[in-house]
1. Which condition breaks for G82 when tested against (1) surrounded by 10 or more Cβ atoms within 10 Å (Cβ to Cβ); (2) modelled with pLDDT of 80 or more?
2. Of all residues in segment 138-186, which are touching a residue at least 12 places away in the same chain (Cβ under 8 Å), in a loop (DSSP other than H, G, I, E, B) and of a type in the set (A, V, I, L, M)?
3. Only one of (1) part of a loop (DSSP other than H, G, I, E, B); (2) modelled with pLDDT under 90 is not met by R75, so which one is it?
4. Taking segment 159-203, which residues are touching a Gly at 6+ places or on another chain (Cβ under 8 Å) and either within 18 Å of A92 (Cβ to Cβ) or among the polar types (S, T, N, Q) (or both)?
5. Would you mind stating whether V167 is within 20 Å of V64 (Cβ to Cβ) and of a type in the set (A, V, I, L, M, F, W, C)?
Amino acid sequence: MMVPPVHKSVRPNGFTLVEMLVALALFAVIAVGALGLLRFSVDAELASRTRTDSIAAQRRFLSVWTADLAQAVPRPSRDRSGTTRLAFEANADGVLIRFTRSGWDNLDGAARPSLQKVEYRVTPTALVRAGYPYPDGAAPDPGAEVLPLSGPPSVRFRAKDGNWRDVWDPQVAAELPVAVELLLPQKGVPPLRIVSLVGVNYQ
């Protein structure tokens, strides 16, 4: 008498549907966490880079602004119509400040003086510095942006009597302020305050 063989149940290879769903759920949770961490790192890097660029731009501007004001000279100028202008003008004709400075390098030996009239203009997005080819009777160059702005800046002027003035209106055309205070608006923080001496070699 033959006994039929006993068949043992064999577990199939692979995963069940439930196991696959659990694995996919765990993978999704890990992926979401990793994506959040990556996004945080990228945002932090961008914020740090933006802040670093802003500080670098402010330092470059401060160097130019301070050098210009330090070399201001008490010299009235004439505009294109021949009208005499103050040696130091402020908030006139859409210009924040305008004055004549010394120390204009002439590396190529061009036929021009060593004095240069410069002005700082405000646009909706930046502070623009423009020079004049000649102190008298010339139009300003197009200019270059020297500092991005988040709002309109304001200036005050310290007179020789030691008082600060919101408006520069001297009695003598050649008079210079002793110092200029510039307030630059900044997003989320108090304005940046810059105080620079004017014409330190001529006071």
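1. (1)
2. The answer is A138, A139, L149, A159, V167, A173, A174, L176, V178.
3. Here R75 meets the rest and fails (2).
4. Listed by number, the list holds a single entry, L176.
5. Details: within 20 Å of V64 (Cβ to Cβ): no; of a type in the set (A, V, I, L, M, F, W, C): yes.
It is false that V167 is within 20 Å of V64 (Cβ to Cβ) and of a type in the set (A, V, I, L, M, F, W, C).
The values are calculated or read from the model by the stated rules, or taken from the named source; none is laboratory data. Please read these numbers as outputs of a predicted model, since none were measured by experiment. Heads up, the Cβs are rebuilt from the backbone with ideal geometry, glycines too, and the neighbour counts pull from every protein chain shown.
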